[in-house]
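Written out below as structure tokens is the structure these notes cover.
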Amino acid sequence: MTSTGPAWPRPAGRGPVVALGKLVADQLLELSAPLVVGGQQRVVRTTTAGGAPATVTANLARLGVPSRLAGWAGADPLADDLLAGLAGRGVEVAVVRRGRAPVSTVLVHPDGERTLLTDRGEGGLEPSDVRASWVADAAVVHLDGYDLLRFPGALRGAASAAHGRGVPISVDVAAATRIAAHGVGAYTDLLAGLRPDLLSCNAAEATALGLDGSLPAWAPGLVLVHAGARPTRVVSAAGAWEVPVEPLPAGRLRDTTGCGDAFAAGVLSGWRAGQSVLDAVRSGYAAAAVVAGVVGGQPPP
């Protein structure tokens, strides 16, 4: 083990970073007081593009990194507005359109924590929808662990297309509760089928997947375990490292929605730029700190 950290499993290319999956409408309700069952209160409502692919690509665009949102979006006016907003940020959009956009209602609590209520929408991403052109010129392809549960065949197809062109793959896993509901063994089989180069998860997800010690046989060569304000654990076959998190200034935290996706965007931007893995994690922290200061997962323009 070296003090400089592990090497990237594969170098990133010079093309756009591609995040592939579904487009979600995030309806954010900023609560003025703690939620009381049966009570009533005023809220501030905001609607933004959500889901990991949209949030990751918007953060990449803010960082000046070419990014492409690929996958499925609804064929409704709500999705029209969300896609136009992403394009206005500089995100390239390459999606199939059908059905009705999924909607996540996000309750933003006064302490910055959030609660998600999800409507799955109507439609989806089929294996036959996946275009080789979505990933052929990509620097890295980033896949979402929630979409892996809903569209496993499509994500396997995208991963296969990326591997066939020598494009590295990053995967961010689903929540520990979703992993448990699906079955740990079945979910690790899905992850292993993507053959990722980089896997990102939080501490609870790492525990659920058996990634809180040495790496199991199915795991990729590089795993990042982030833990909010606590250090991120960087694990590879060469050893393990911890990267401390700079604390946010007092009063800076407004909403944790999208911080994980912003962290992923910062890491991906660092990978593409040729930073060391540990420096890329620090870039992830900086991107997440920006999103923590606003309501919603989208970064400020």
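Read the figures in this text as sums done on the coordinates, not as results from a lab. Since the model is a prediction, treat every value here as computed from it, not as a measurement. Neighbour counts run over all protein chains shown; Cβ positions are idealised from the backbone, glycine included.
Treating only the Cβ of Lys, Arg, Asp and Glu as charged (+1, +1, -1, -1), what charge dipole size does the range 53-208 show about its Cα centre? Round to the nearest 20 debye. Dipole about the Cα centre, nearest 20: 280 debye.
Taken about its Cα centre, the range 169-246 carries a charge dipole of about 80 debye when Lys and Arg each add +1 at the Cβ and Asp and Glu each add -1 at the Cβ. Residues L78, L211, arranged from fewest to most other Cβ atoms within 10 angstrom of their Cβ, appear as L78, L211. Among 291-298, 271-278, 55-62, the peptide with the highest mean count of other Cβ atoms within 10 Å heads the list, and the full ranking is 55-62, 291-298, 271-278. What does the C-alpha gyration tensor say about the overall shape of the range 173-224? Classify as rounded when a/c is under 1.5, otherwise prolate if a/b is larger than b/c, or oblate. Oblate.
Within the chain, antiparallel bridges make up roughly 40 percent of the DSSP beta bridges whose residues both belong there. The tail of the calculated P(r) for the range 134-179, taken as Cα-Cα distances beyond 16 Å, holds 36 percent of the pairs. Quick check on the chain: helices-only [θ] at 222 nm, where DSSP H runs of length 4 and up contribute -39,500 (n - 2.57) each and the sum goes over total residues. Nearest 500, please. About -10000 deg cm²/dmol.
Inter-part distance, the range 108-183 to the range 51-106, computed on C-alpha centroids, equals 14 Å. In a solvent-free Debye calculation with one equal scatterer on each Cα, what is log10 I(q)/I(0) for the chain at q = 0.07, 0.13 Å⁻¹, listed in the order of the q values? For the chain at q = 0.07, 0.13 Å⁻¹, log10 I(q)/I(0) is -0.24, -0.87. The distance separating the Cα centre of the range 1-31 from that of the range 199-228 comes to 16 Å. The residue list G274, S200, P53 was ranked by how far each Cα lies along the charge dipole of the chain toward its positive end, using unit charges on Cβ atoms, and G274 comes out on top.
The label-point distance for R254 and A33, in a model that sets each label 7 Å from Cα toward Cβ, rounds to 2.3 nm. The modelled label-to-label distance for the pair T207/R14, using points 7 Å beyond Cα in the direction of Cβ, is 4.6 nm. Excluding A262 itself, calculate the net charge of residues whose Cβ lies under 12 Å from the Cβ of A262, where each Lys or Arg counts +1 and each Asp or Glu counts -1. That sum, taken over residues with Cβ under 12 Å, equals -2. Using the Cα coordinates of the range 190-301, the gyration tensor eigenvalues translate into equivalent-ellipsoid semi-axes of 25, 14, 14 Å, sorted from longest to shortest. Stokes-Einstein diffusion for the range 1-132 at 25 °C, viscosity 0.890 mPa s, with a Kirkwood radius from C-alpha pairs, works out to 147 µm²/s.
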